[in-house]
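Working notes for the structure below.
The values are calculated or read from the model by the stated rules, or taken from the named source; none is laboratory data. Since we're looking at a predicted model, the values are computed, not measured. Here the Cβ is made from the backbone with ideal geometry for all residues, glycine too, and neighbour counts use every protein chain on show.
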Amino acid sequence: MKTEIVNKEELRKLFLEGLPLAEIAKKLGSTYGSIRTMIYHERQRKPHEWPLRINYPGKSAEPPLMMHLYECQDCALDFAVEDYEDADHSATVCPICHSDEYLQERGYGQFTVTSAPLREVT
Ligand SMILES: [Zn+2]
C-alpha cells in the first residue's frame, strides 16, 4: 500500500472554496475515497473547521433544521416540528385532531429543505 501524503491546509482551502471532492482529489493527487475519509476524520477532531457542505441541486443553501418527527396514530398523519431553542414540545398536538393522545414521537434529526419530501441527513 502506498502512503498518500496530502497537505491538510491545501485540502481545507479547496474544501472551503466549495470544490467537489472529486476535483480536490484530482488536484491533490489523491482519490475521492481518501479525501472523503480524511475530511471525515478531520471533522471529528475540529468540527468548526470543516463545516458540513450541503449541496442540493438547483437550490441555494438553507441551514439544516433540527426537527422532531411525530405521528398521530389516530389520523395516520406524520408531521414534523421544527426544534427552536425555546420550543415547548410537550405542547405539540396533531394538526388535524388537535390532540396529543395518539401522538408518537418518531424521531429527531437534522433535515435539509429540498423540493423533495423531507430527507434525513444525519
Ligand atoms: Zn390526529
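Quick notes on this structure:
- For region 12-35, the set of residues classified as among the charged types (D, E, K, R) and surrounded by 15 or more Cβ atoms within 10 Å (Cβ to Cβ) consists of R12 only.
- Output for region 84-107, where each listed residue is within 25 Å of the chain's Cα centre (by Cα) and either surrounded by 15 or more Cβ atoms within 10 Å (Cβ to Cβ) or at pLDDT 90 or above (or both): T92, Q104
- Scanning region 64-77 for residues that are under 14 Å from C97 (Cβ atoms) and touching a Lys or Arg at 6+ places or on another chain (Cβ under 9 Å) yields a total of 2.
- Residues of region 37-81 satisfying the condition of being of a type in the set (D, E, K, R), modelled with pLDDT of 80 or more and away from the ligand (no atom under 16 Å from the Cβ): E42, R43, R45, K46, E49
- Of all the numbered requirements in (1) loosely packed, with under 12 Cβ neighbours inside 10 Å; (2) modelled with pLDDT under 85; (3) under 18 Å from C72 (Cα atoms), L118 misses one, and that requirement is (1).
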